[in-house]
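Enquirer: Quick one: this structure, given as structure tokens, is what I'll be asking you about.
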Amino acid sequence: MRNFTILWFGQLVSTIGSYMTVFALLIWVWQQTESATTLALVTFFSQLPRIFITPIAGIIVDRFHRKRLILLGDGIALLSTLAIGLLYLTGVLQIWHLYIVVALYGCFGQLQTLAYSASIAMLVPKAQYTRAESMIAMVGYSGAVFSPILAGSLYPLIGITGIIAIDLISFIAGLITLILTPIPQPISEPNSKPSSDKSGINPFTWQTLTFGFRYIAAKPALTAMVVAFTLFAIPGDIGKALYNPMILARSGGDARVLGFVTTAAGVGGVIGAILFSIWGGFPRRIHGMLLGFAATGLCKIILGLGRTPLIWATAHFCATLPIPMFYSSSNAIWYAKVPPSLQGRVLAADQMIGLIVGTLAPLLAGPLADRVFEPAMQPDGWLAPLFAPLFGTGSGSGMALLYTLTALWMLLVGLGGYGFRTLRQVETLLPDHDVADQDASNQNASNQNISNPDQSLFHTP
């Protein structure tokens, strides 16, 4: 765990700096346009390229040195930040510049993310997979908590230029730890690549691009994992898109209330990651995933039903506590079951599904809220007689109802997962990759002894 911890600390410092820059740029975009659509487009252009690059990135991660790919991602991030800083200093920064930069970084950032994820199994012992994933979750939540506080207080004093300078300093800290940390490279699986891939002529064939999907489809237990997480992610991403406008609508547009509730959620995620990294998780990791689904859904139901900032903040704090648990438990299962030399392509397939859901779900959330649930929860709406005692009527009530329904869906996915043996017993139905490799080696040795009886005499007691 020592090398992983050093690398993790550098990523923690660098991520906080990067999140500060993102927060400052979002403030700048709002000051320039006062358009929620423009803010949404920045996120859209950062996510969309990830969908298309992910299958190719998976192949690259399995073929090239992963540490160099992580360094490449850091290099592109550095150049992107410098480009934004120079454009701002010269007074020519435009919104469309951000669209191009975030799209470029989205491609290389996804490559870096896959290389980093596929390296975890080589950096930590199998028994520490869950703990390592909890520490990784802590990085994201720490950035979500501390970066808005730091950037929000420093932005009026030092502006975007000063915050970018802080980001660059934090980037150097992350780069140094990355350079100093050895990242082992997995041994290639001899039968993992199609013949065209082995020859080096064209590794990006249809067969190679779809390898991860075919690998998952060939293993029902992994397919069950993907289905369960997708069924959980769809309502989760719809609810995520509803969260900001719901809180603003029900608080009379008070940004301080939104900040208070969001900070509580971030603190919950950090504490959850710390507690889970100390604990290490359930011996059977599938319990951490399914119970985490159920706990998050239950707390989000309370958030949707709440009508005061204190209830919202408490419920969101409790809802984010188990998030590191279900992410860490799920990822630990993938690391244990998929050989490290194949993880780039297999994890890419899994992540691509999540990226598609994360990109499309918000497009569904907006029309459902604006055209169906909000009008239906007005005093004369058709849903008001049924749900007004729980959610009230007026602005935000329809979104609160929809948010609660998505949270109920999440709860049912967690509890319902126990009803499917293929998912419930994923860790026993599918052997760990190191056990499978050992069994294959033993079988090969046995076959050799059978084919060469004289050799077996030397092993007779």
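The values are calculated or read from the model by the stated rules, or taken from the named source; none is laboratory data. Here the structure is a predicted model, which is why all the values come from computation and not from measurement. Because the Cβ atoms are built from the backbone with ideal geometry, glycine has one as well, and the counts that use them run over all protein chains shown.
Enquirer: Condition first: closer than 20 Å to CYS299 by Cα and either among the hydrophobic types (A, V, I, L, M, F, W, C) or in the same structural domain as LYS126 (by TED's automatic domain parsing) (or both). Now tell me which residues in segment 264-285 satisfy that.
Expert: ALA264, ALA265, VAL267, VAL270, ILE271, ALA273, ILE274, LEU275, PHE276
Enquirer: Do we have GLN351 as part of a loop (DSSP other than H, G, I, E, B) and either in the same structural domain as PHE276 (by TED's automatic domain parsing) or touching a residue at least 60 places away in the same chain (Cβ under 8 Å) (or both) here?
Expert: Criteria not met by GLN351.
Enquirer: Considering only segment 167-182, state which residues are hydrophobic (A, V, I, L, M, F, W, C) and within 11 Å of THR81 (Cα to Cα).
Expert: LEU168, PHE171
Enquirer: Something else: For segment 358-461, give me every one of the helices (runs of 4 or more DSSP H) that falls completely inside it and has 1 or more residues that are over 30 Å from ALA332 (Cβ atoms), in contact with a helix residue (DSSP H, G or I) (Cβ under 8 Å, 6 or more places away or on another chain) and modelled with pLDDT under 85.
Expert: Filter on segment 358-461 gives 433-451, 453-456.
Enquirer: I've got another one for you. Going through ALA224, ALA218 one at a time, which residue ends up being over 26 Å from ALA400 (Cβ atoms) and surrounded by fewer than 17 Cβ atoms within 10 Å (Cβ to Cβ)?
Expert: ALA218 is the lone residue from the list that is over 26 Å from ALA400 (Cβ atoms) and surrounded by fewer than 17 Cβ atoms within 10 Å (Cβ to Cβ).
Enquirer: Right, here's the next one. If we keep just the residues of segment 271-296 that are in contact with a helix residue (DSSP H, G or I) (Cβ under 6 Å, 6 or more places away or on another chain) and hydrophobic (A, V, I, L, M, F, W, C), which is surrounded by the most Cβ atoms within 10 Å (Cβ to Cβ)?
Expert: Among residues in segment 271-296 that are in contact with a helix residue (DSSP H, G or I) (Cβ under 6 Å, 6 or more places away or on another chain) and hydrophobic (A, V, I, L, M, F, W, C), the one surrounded by the most Cβ atoms within 10 Å (Cβ to Cβ) is MET289.
Enquirer: Ok, one more. From the list ALA151, ALA173, ALA165, which one is at pLDDT below 80, assigned to a helix (DSSP H, G or I) and not assigned by TED's automatic domain parsing to the domain that holds ILE271?
Expert: It is ALA151.
Enquirer: Which of the residues spanning segment 27-46 are surrounded by fewer than 14 Cβ atoms within 10 Å (Cβ to Cβ) and either at pLDDT below 75 or out of contact with any helix residue (DSSP H, G or I) (no Cβ under 8 Å at 6 or more places or on another chain) (or both)?
Expert: Answer for segment 27-46, where residues must be surrounded by fewer than 14 Cβ atoms within 10 Å (Cβ to Cβ) and either at pLDDT below 75 or out of contact with any helix residue (DSSP H, G or I) (no Cβ under 8 Å at 6 or more places or on another chain) (or both): TRP30, GLN31, GLU34, SER35, ALA36, THR37.
Enquirer: Can you name every residue in segment 243-260 that is over 25 Å from the mean Cα position of the chain (by Cα) and part of a helix (DSSP H, G or I)?
Expert: Answer for segment 243-260, where residues must be over 25 Å from the mean Cα position of the chain (by Cα) and part of a helix (DSSP H, G or I): LEU248, ALA249, ARG250, ALA255, ARG256, VAL257.
Enquirer: To continue, here is another question. Can you confirm whether GLY58 is at pLDDT 85 or above and either in a helix (DSSP H, G or I) or out of contact with any Pro (no Cβ under 9 Å at 6 or more places or on another chain) (or both)?
Expert: Spelling it out, it is not the case that GLY58 is at pLDDT 85 or above and either in a helix (DSSP H, G or I) or out of contact with any Pro (no Cβ under 9 Å at 6 or more places or on another chain) (or both).
Enquirer: Additional query: Filter segment 348-391 down to the residues that are among the acidic types (Asp, Glu) and surrounded by 14 or more Cβ atoms within 10 Å (Cβ to Cβ), then identify the one that is nearest to the chain's Cα centre (by Cα).
Expert: Filtering first and then ranking leaves ASP350.
Enquirer: Moving on to the next point. Looking at ALA77, is it more than 30 Å from GLN207 (Cβ to Cβ), crowded, with 20+ Cβ neighbours inside 10 Å and assigned by TED's automatic domain parsing to the domain that holds ALA173?
Expert: yes
Enquirer: Return the only residue of ILE333, ILE271 being hydrophobic (A, V, I, L, M, F, W, C), closer than 30 Å to PHE52 by Cβ and in contact (Cβ under 8 Å) with a residue 12 or more places away in the chain.
Expert: Sole residue among the options that is hydrophobic (A, V, I, L, M, F, W, C), closer than 30 Å to PHE52 by Cβ and in contact (Cβ under 8 Å) with a residue 12 or more places away in the chain: ILE333.
Enquirer: Only one residue in LEU93, LEU87 is in a helix (DSSP H, G or I) and in contact with a helix residue (DSSP H, G or I) (Cβ under 9 Å, 6 or more places away or on another chain), so which one is that?
Expert: LEU87
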